[in-house]
Amino acid sequence: MKALDHLHLIHQFKGNPQMNNRRGFLSETFKGAALTGAAALSLNAQPSLAADKAPKKTPFEVPQVSLPVVGSDEVFPIRRIYCIGRNYAAHAIERGSDPTREPPFFFQKPTDAIQYVPIGEVVDHPYPSLTKNYHHEAELVAAIGVGGKNIPLEKALDHVWGYTLGLDMTRRDLQNMMGEQKKPWEIGKSFDHSAPIGPIHKVSETGHFKEGAIWLKVNGKIRQNANLSQMIWSVAEQIVKLSEANELFPGDIIYSGTPENVGPVVVGDLIEMHIDGLPNLSVKVV
Ligand code: MN
């Protein structure tokens, strides 16, 4: 519809009582639709109510991405994958920012980014398309079991259900290029298989991870080597900040940032990463 036609229609609405009624009906319809949306959301938040409803027919299946839970026959369903940027001072400096002034910032990966890496196995990790500078980032991952908004710092860790370790694999050349052009650098971070990750360990088994070695080797040689205590924003502080921006939900996971000395891998490389208190994670780039 041309802009002029559109204006004409609005004019007709204004001048015609019948049309005014129709407009009223339309807005009521929209209100109804909005309520339906809200009701659907609250059903999602209450699985017992949702289960009472007859299953909805869908034209195809969309699988729920989940991770095994160590020592349990349950799986941990993944809802959203949050990642914090530049959360170790030396890494912030190597990425060209000032670690003393920058507030925390987050991005997401799609659940399709999950590549499960079982304990004690070396999983083939596909070198992705479009990049010539593919980087490893070793990170502690916190798994949320209790959601919330505006979570206070002293309660933040009560929302953590478990932990694991993972790689925030990055098409660094594309991330840099998009950043220079002031475009979203999603294509550098949020792609298929870009989040190799171990199984979830219950916090009741491991406790919280506030310090301890985190390292990553490529072909047996140390590349990244730091301590979790060097995070600029702790896991608890990340939960506080994230819950100010978005309500957190069970199933959300948070990649808590990588230390310095990120770097490239090529086809054939073996990546092994470690966090004190967790079994190592290994992938081979193919
Ligand atoms: Mn990262």
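Structure summary
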read-out	value
Scan of the range 242-260 for residues that are within 13 Å of the ligand (Cβ to nearest atom) and either surrounded by fewer than 21 Cβ atoms within 10 Å (Cβ to Cβ) or in a loop (DSSP other than H, G, I, E, B) (or both), ordered by number	S256, G257, T258, P259, E260
Single residue of F76, F105 found to be within 16 Å of the ligand (Cβ to nearest atom) and touching a residue at least 12 places away in the same chain (Cβ under 8 Å)	F105
Test set (1) within 16 Å of the ligand (Cβ to nearest atom); (2) under 22 Å from V65 (Cα atoms) - G179 fails condition number	(2)
Residue satisfying condition, being surrounded by 14 or more Cβ atoms within 10 Å (Cβ to Cβ) and either modelled with pLDDT of 95 or more or of a type in the set (D, E, K, R) (or both), within set I187, I222	I187
Yes/no for A113 being within 30 Å of K221 (Cβ to Cβ) and away from the ligand (no atom under 13 Å from the Cβ)	no
Some residue of the range 192-203 being under 24 Å from V267 (Cβ atoms), in contact (Cβ under 8 Å) with a residue 40 or more places away in the chain, within 15 Å of the ligand (Cβ to nearest atom) and not hydrophobic (A, V, I, L, M, F, W, C)	yes
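The values are calculated or read from the model by the stated rules, or taken from the named source; none is laboratory data. Being a predicted model, the structure only gives us computed values, none of them experimental. Ideal geometry is used to build each Cβ from the backbone, glycine not excepted, and the neighbour counts take in all protein chains shown.
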